[in-house]
Amino acid sequence: MRDWLLLLLLALACSLLPLAGDNYVLRLGTIVAMYAVLAQSWNFIGGLAGYPSFATAAFFGLGAYTSAVLLSYGAPTGLAWTAAGGMACLFAALIGGAILHLKGHYFAIASLAVGEVLREVVNTTPDLTGGGMGMNLPVPKLSVAAAAQTFYFSMLALAALTTAAAIIVQRSRLGFGLRCIQQNEDAANILGVNAYGYKTAAFCLSAVFAGMAGAIYASWVHYIEPPDVFDILLAVKPLVMVLLGGIGTVFGPIIGAFLLIAFEELVWRSFLTIHAAMLGGIIVVLVLFMPNGLLALVRSGLARLRPAGPKP
Amino acid sequence: MTALLALEGVSRRFGGLAALDTVTLSVEAGEILGLIGPNGAGKTTLINVVTGVHPATAGRVLLQGEDITRLKPYRIARKGLARTFQIVQPFPRMSVLENVAAGAVFAGAAPSLKEGLRLSREHLAFTGLAQIADKPASTLTLAQRKRLELAKGLAMNPRFLMLDEVNAGLNSSEVDEALAMIRRIAERGVTILVIEHLMKVVVSVSTRLAVLHHGALIAVGTPREVLADRGVIEAYLGEKYAARLAGARPAEGA
Amino acid sequence: MIYLQVLANGLVLGGLYAAIAVGFSLVWGVLNVINLLHGSFIVLGSYVAFFAYAYFGIHPFLSAGIAGAALFALGYVVQAGLVNRVIAAPVLITLILTFGLDLILNNAMLLAFSADYRKVNLAHPLGSLELGPIFLPGDRVAAMVLAFLLTALLYRVLRDSRIGRAIIAVRMDREAAALMGVDVKRINAITFGLGAFMAGAAGALLSIIYPISPLNSSLFLGKAFVVCVLGGLGSVPGAMVGGVALGLIESFGAYWLGPEHAITLSFSILLVLLFVRPSGILGKRGYE
């Protein structure tokens, strides 16, 4: 109940953003919402099931291109976006069947290779996707401000939907089974957990919303090219966000997305040339000094402070 | 009457090595079957074959006449076959209660998570773990972990429970408690297979004994018959000792 | 006849790929760490060779040793100071740590050397080698031979030296090695250093063949991945076999399908191989 209330409040607060900010703020808001979707998506397979997936970029790019191709054939936007999610989900189910028997590093590499193969497929099918030249999407007939609002609310709604799915999954049999798999897959199997089925479900969940985010992103920027939508950073940043906010939790991915984008934005403005290094620095500090995320660190810091306070 | 579980000429090879060699064995409902044999005889392999972890390379495994040889482990688990692991396998970052609930929920004993948690409390009371229900499994002592394994298995509401060295590493009073618990589980109508190293223990608890040696079944029968079997004594103690014992009457266990 | 040429190209390419991958394979196999810095280590080795040639006229074949030594020191420090602290953590953690470190190193190289492609233009190139109908660039063959010798040297070090035996002991059973008095953390650092040594030396040798830029690091890393999965982990012969296999695949793939499909082909093969035989051609099953 608390989670639902929190989600509702958060969504309401975020819907007020257009009142407070200009297009720049809305743009930032859209990016935060997009990464919240991706981080939440990764959390299904990486956080709950414990499988280090780098396929987020593949799902995002696949969704972007699916939607872009459909739109170029005149499909309505809503349909194109939904189909993008469906396509990513279907792809995850097929690929998952092939690579989810791998563990650890092997799974990580395979999931990474999936994205690379997709990128090459796009590069080598210029008739359909424009190949390396990229693809232009129809520009919506909206004013700049209206477009900014539309895409902000679309992405926000998707983030809310993804989070709702996360809440449901976390409390369901599926979420429980995934946590079992993450902690001891053999034992989970012996207790009757259909590990293969559950992992595939988690992989599909990590694909469907990421695919839709890619579709919305493509419509938003109305030009996509392979290095942009299959960027490895689209797979890595969500993962960093989840680590930052707290792995396996419902709101950790959102907090992580907010923190990382806020930090990036502050850094990006002043130190453009060492942007990547700053992200690297965040990762190193995160991994070495706060393995349970920033929130856990804050919590344990508070706990440590408490005994020093006045005694009852 | 068909046996609860029947192995028909079951073999399991790993590369060139036959870990189980054409084993034919049946387990009747309600019995406690002790499975003994020297290290590396294939005892754990037999459990792995039955539970589908390492499916048989030849032969059939039948559960009340139904062929389960090629079923996936989770399907076999849902048919009411539960096991414990020799090296305990808890979900370390879950509470004791959640560990047990996993067994109840996924093996099909409980229709919902909530019901699973309720049932699990009963199993924890039965196994004497109720006081530590909310502790993370990783903080438990070895004896507590062994009991947790047992509780997880029970929560699956099994027809057949396979216990792989649940007593290894326990002191004698802990072993006595564990044995009492095994007997109480049997009284509930659960058929049990016990793998055990300590001869005294297995003889006192089993209604029947089966002996594996180099992957082959060399004797099956009441504890008294099996312990008097020359082949068994040789397998355990070596030929020399067996020959020496042949003069005197073989010592009867416990 | 053309097939002989394609075969020869593939073998030369394969020798270089083996050198690219052998250090990566060593670190992965022994430490169970995927070192995502490996590509940048190779590029850094190339820069060492580039500047050694530009300022001191040292031929890259000689500066390979210098580049290797410099990278060994860097690798040792990275492992001893950073990676060792999380070596027991889940794979995700070490993976993301080396990714972060790579972002830093790569960014630093971009700042220091810019993204411009540079090339070592040898004053006295070796010309081309003619073996009957086959033509091969002499420098490429010489680089491959040196790469092969370095790899063989690593093999001897692992097999015959005290340190090498300690490394293999750690690979087989970390805890048992610790019980036998092996200083596991130090061996970890030396192993990582050796991996970096091979990367640096390979980078120096490659500097006369490939253009040098920090942007190339992911290309090399990708090759190392594929080679390891092809050949199996943590063994020098595995890296050799995997390297030659990839060289041949790319060479024949480029001939039959066109050069633009070479990368798709190698990644597709990677995926198929992961599916059917995750432990590689020479690898043992069940190693994770």
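General observations
- A residue that is facing another protein chain (nearest Cβ under 10 Å), out of contact with any strand residue (DSSP E or B) (no Cβ under 9 Å at 6 or more places or on another chain) and surrounded by fewer than 18 Cβ atoms within 10 Å (Cβ to Cβ) cannot be found anywhere in the range A:105-114.
Here is a yes/no grid of residues against (1) aliphatic (A, V, I, L, M); (2) open to solvent by less than 40 Å² (accessible area, probe 1.4 Å); (3) out of contact with any strand residue (DSSP E or B) (no Cβ under 7 Å at 6 or more places or on another chain):
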residue	(1), (2), (3)
A:7	yes, yes, yes
A:12	yes, no, yes
A:41	no, yes, yes
A:44	no, yes, yes
A:57	yes, yes, yes
A:63	no, yes, yes
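- Restricting attention to the range A:231-247 and to residues that are within 12 Å of chain C (Cβ to nearest Cβ) and in a loop (DSSP other than H, G, I, E, B), the residue that is farthest from residue A:175 (Cα to Cα) turns out to be A:231.
- Of all residues in the range C:37-83, those satisfying the criterion of being within 14 Å of chain A (Cβ to nearest Cβ) and not in a helix (DSSP H, G or I) are C:37, C:82.
- Any chance residue B:87 is surrounded by fewer than 17 Cβ atoms within 10 Å (Cβ to Cβ), of a type in the set (Val, Ile, Thr) and within 29 Å of residue B:140 (Cβ to Cβ): yes
For (1) touching a residue at least 40 places away in the same chain (Cβ under 8 Å); (2) open to solvent by less than 60 Å² (accessible area, probe 1.4 Å); (3) not in a helix (DSSP H, G or I), each residue gets a yes or a no:
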residue	(1), (2), (3)
C:141	yes, yes, no
C:153	no, no, no
C:156	no, no, no
C:159	no, no, no
C:167	yes, yes, no
C:170	yes, yes, no
C:178	no, yes, no
C:195	yes, yes, no
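- Residues in the range C:121-134 that are of a type in the set (A, V, I, L, M, F, W, C) and under 24 Å from residue C:204 (Cα atoms): C:122, C:123, C:126, C:129.
- Selection status of residue A:141, among the basic types (Lys, Arg) and either in contact (Cβ under 8 Å) with a residue 60 or more places away in the chain or within 14 Å of chain C (Cβ to nearest Cβ) (or both): no
- Among (1) modelled with pLDDT under 95; (2) β-branched (Val, Ile, Thr); (3) over 30 Å from residue A:234 (Cβ atoms), the one test that residue C:96 misses: (3)
- Residues in the range B:5-40 that are assigned to a loop (DSSP other than H, G, I, E, B) and under 15 Å from the mean Cα position of the chain (by Cα): B:28, B:29, B:30, B:31, B:37.
- Only one entry of A:203, A:151 meets the criterion of being closer than 22 Å to residue A:26 by Cβ and open to solvent by less than 40 Å² (accessible area, probe 1.4 Å), and that entry is A:151.
- Boolean, residue C:246 is open to solvent by 20 Å² or more (accessible area, probe 1.4 Å) and either closer than 16 Å to residue C:22 by Cα or within 14 Å of another protein chain (Cβ to nearest Cβ) (or both): no
- Test: residue in the range C:84-105 that is closer than 22 Å to residue C:206 by Cα, without any contact (Cβ under 8 Å) to a residue 40 or more places away in the chain, within 14 Å of chain A (Cβ to nearest Cβ) and out of contact with any Leu (no Cβ under 8 Å at 6 or more places or on another chain): no
- Any pair with Cβ under 6 angstrom, 6 or more apart, that starts in the range A:188-212 at a residue that is within 14 Å of chain B (Cβ to nearest Cβ) and assigned to a helix (DSSP H, G or I) and ends at one that is surrounded by fewer than 24 Cβ atoms within 10 Å (Cβ to Cβ) and charged (D, E, K, R): A:195/A:185
The values are calculated or read from the model by the stated rules, or taken from the named source; none is laboratory data. This structure is a prediction, so every number in the text was calculated from the model and none was measured. When we count neighbours, we look across all protein chains shown, and the Cβ atoms used for this are built from the backbone with ideal geometry, even at glycine. All accessible areas refer to the heavy atoms of the entire protein, side chains included, with ligands and DNA or RNA removed. Shrake-Rupley method; radii C 1.70, N 1.55, O 1.52, S 1.80 Å.
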